[in-house]
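Novice: Here it is, the structure in full.
The values are calculated or read from the model by the stated rules, or taken from the named source; none is laboratory data. Since this is a predicted model, take the numbers as computed values, not measurements. For neighbour counting, all protein chains shown are included, and Cβ atoms are generated from backbone atoms with ideal geometry for every residue, glycine included.
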Amino acid sequence: MTAPVQGPGTRSIPRRLVRILDLAEQAVGAVCLGVILVLVMIQVVQRIAGGASWVWTGEIAKYAMVWLTFVLAAHLLRTNGHLGMDVIEQWLTPRGERIMTRITDILIAVSCWGLVWAGWGLLNAPFLGSSPAAGVPLVLVYAGPVAGLILVALTATWFAAFGRGVEADVESQLEGQYPEGVL
């Protein structure tokens, strides 16, 4: 897919809001990645040392991986960081490419809003308990994916309504916009 740019006939998402969202998403992602790293290392040490192990470490690491995946999905959509195949787009004109990108954004938005609706129903379910080993309330476990899907749905809805543009690649757009090492 093409990268979001500001150009003629397109509106960009307000830059300050995007920067705040990007930094917040990256911070949550970094914390989740750190939690995964520490907990998996604890598991490795416990297996090498033998003896008792903490069952909850694997469970929390899995939940952190789920949060990491969903929370960073919107950032990847905004920066064109998702894996994609450009098989059809290579034969399209720039106008055809914009149309194909708009259709894709509409499908992403509709799919994510449907998943948000289902996830919201799950968050409000009266039978939610807690995770078996760690005892974490499942509302917290499911809140990450729902929040991430809301961010993806909002981003895709914006792109579907106002377009992305096709003039530039991600690296040229992001140059100088972020502190060194953020991306």
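Novice: Please go through the stretch 47-66 and give me each residue that is hydrophobic (A, V, I, L, M, F, W, C) and either over 27 Å from GLY144 (Cα atoms) or within 22 Å of the chain's Cα centre (by Cα) (or both), ordered by number.
Specialist: ILE48, ALA49, ALA52, ILE60, ALA61, ALA64, MET65, VAL66
Novice: Identify, please: which residue in the stretch 135-167 is surrounded by fewer than 16 Cβ atoms within 10 Å (Cβ to Cβ) and in a loop (DSSP other than H, G, I, E, B) and is, among those, modelled with the lowest pLDDT?
Specialist: So, considering only residues that are surrounded by fewer than 16 Cβ atoms within 10 Å (Cβ to Cβ) and in a loop (DSSP other than H, G, I, E, B), the one modelled with the lowest pLDDT is GLU167.
Novice: Could you tell me which of the residues THR57, THR101 is part of a helix (DSSP H, G or I), modelled with pLDDT under 90, buried (at least 16 other Cβ atoms within 10 Å of the Cβ) and not aromatic (Phe, Trp, Tyr)?
Specialist: When all the criteria are applied, what remains is THR101.
Novice: Taking the stretch 75-89 as the search range and keeping residues that are surrounded by fewer than 16 Cβ atoms within 10 Å (Cβ to Cβ) and closer than 18 Å to LEU149 by Cβ, which one is modelled with the lowest pLDDT?
Specialist: Only one residue fits best here, namely HIS82.
Novice: Further question on the same structure: Among LEU122, LEU72, LEU92, which is at pLDDT 90 or above and either closer than 26 Å to PRO14 by Cα or surrounded by fewer than 17 Cβ atoms within 10 Å (Cβ to Cβ) (or both)?
Specialist: The match here is LEU72.
Novice: Then there is this: I'm told ALA52 meets every condition in (1) assigned to a helix (DSSP H, G or I); (2) loosely packed, with under 15 Cβ neighbours inside 10 Å; (3) among the small types (Gly, Ala, Ser) except one. Can you identify the failing condition by its number?
Specialist: Condition not satisfied by ALA52: (1).
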